[in-house]
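All remarks here apply to the structure that follows.
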Amino acid sequence: MKKTLPLLCVFSILMLCILAGCSNNDTFEQKTFLSGEDIISSLVVDVTDRQLNISVSDDDQIHLEYYDGKKEFLNIKIENNTLFVKLTFDKKWSDFLGKKAALDYRKIYLRIPSSITDITVNSTNENITVTQLNTKNIYLSNVGGDIKLNKLNVEKEISINVKNGDINGSVIGGYDDFAITCTIKKGNSNLPAEKINGKKTLKTFCNNGDINIEFII
């Protein structure tokens, strides 16, 4: 009984901390990144609990605006002509309890030139919005948030994977321009399960959400 009581106390404290929304007291600083003279042809973004706003760049540079904390921050590096952006944690287990940082600190703004031919983006629990991008291939994945497309223009392939969220918006091109594969569970879709012919490819997977994509000529 003497050993059980302290364990119950610890458990109670943890539950109170979670329910009360204890903060990990991290501090955040606004930062920017510019790709500069580096030759970059592809981009890989791998983050969690981040809202991503991705749009077209008005020059030949990749522009990145974000906030870094002392305990959670973006690790940015360039390897083999690929820009990698990864959320990294330097936390104790107790730092993960309680409230997340304010949403303003969890927003990432990316502006990308058309010279970036391959784009891969993964996030969770917040929306990914893609606006008027021109690229060859794009792969988007989100768990717990929506993926929103606004006049996305690709040369070859769009691949979108969402769980507990919706896929909606518009892509440049006619319906007949795309070969389509659509898998949906616990939701509705305006896309066919399969359409074979098309010079471009549109692949969508959605679990517990809806798909609504408009084709714009």
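The values are calculated or read from the model by the stated rules, or taken from the named source; none is laboratory data. Just so you know, these numbers come straight off a predicted model, no measurement behind them. Ideal geometry is used to build each Cβ from the backbone, glycine not excepted, and the neighbour counts take in all protein chains shown.
Could you tell me whether residue 169 is crowded, with 17+ Cβ neighbours inside 10 Å, closer than 20 Å to residue 53 by Cβ and among the small types (Gly, Ala, Ser)?
yes
For the subset of segment 137-159 comprising residues that are touching a residue at least 60 places away in the same chain (Cβ under 8 Å) and assigned to a strand (DSSP E or B), which member is farthest from residue 46 (Cα to Cα)? Only one residue fits best here, namely 151. Taken over segment 107-118, the residue count meeting the criterion of being under 11 Å from residue 53 (Cα atoms) and either hydroxyl-bearing (Ser, Thr, Tyr) or surrounded by fewer than 22 Cβ atoms within 10 Å (Cβ to Cβ) (or both) is 3. Figure legend. Inter-residue proximity from segment 54-76: first residues surrounded by 18 or more Cβ atoms within 10 Å (Cβ to Cβ), second residues part of a strand (DSSP E or B) and at pLDDT below 90, beta-carbon distance below 7 Å, spacing 6+ or different chains. Indicated pairs: 71/89; 72/89.
A quick yes/no check of all residues on (1) more than 15 Å from residue 100 (Cβ to Cβ); (2) of a type in the set (A, V, I, L, M, F, W, C); (3) modelled with pLDDT of 95 or more:
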residue	(1), (2), (3)
43	yes, yes, yes
46	yes, no, yes
55	yes, no, yes
58	yes, no, no
62	yes, yes, yes
78	yes, yes, yes
82	yes, no, yes
86	yes, no, yes
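With 170, 115 as the choices, which residue is of a type in the set (Ser, Thr, Tyr), farther than 29 Å from residue 69 by Cα and touching a residue at least 60 places away in the same chain (Cβ under 8 Å)? Before you say what the answer is, go through the steps one by one.
On the way: 170 fails: touching a residue at least 60 places away in the same chain (Cβ under 8 Å).
The unique qualifying residue is 115.
Selection over segment 196-217 of residues that are in contact with a helix residue (DSSP H, G or I) (Cβ under 8 Å, 6 or more places away or on another chain) and under 26 Å from residue 132 (Cβ atoms) gives a count of 4. The residues of segment 185-200 that are within 22 Å of the chain's Cα centre (by Cα), more than 20 Å from residue 150 (Cβ to Cβ) and assigned to a strand (DSSP E or B) amount to a single one, 185. Is at least one residue of segment 175-190 in contact (Cβ under 8 Å) with a residue 40 or more places away in the chain and either of a type outside the set (S, T, N, Q) or closer than 17 Å to residue 51 by Cβ (or both)? Scanning segment 175-190 turns up at least one residue that is in contact (Cβ under 8 Å) with a residue 40 or more places away in the chain and either of a type outside the set (S, T, N, Q) or closer than 17 Å to residue 51 by Cβ (or both).
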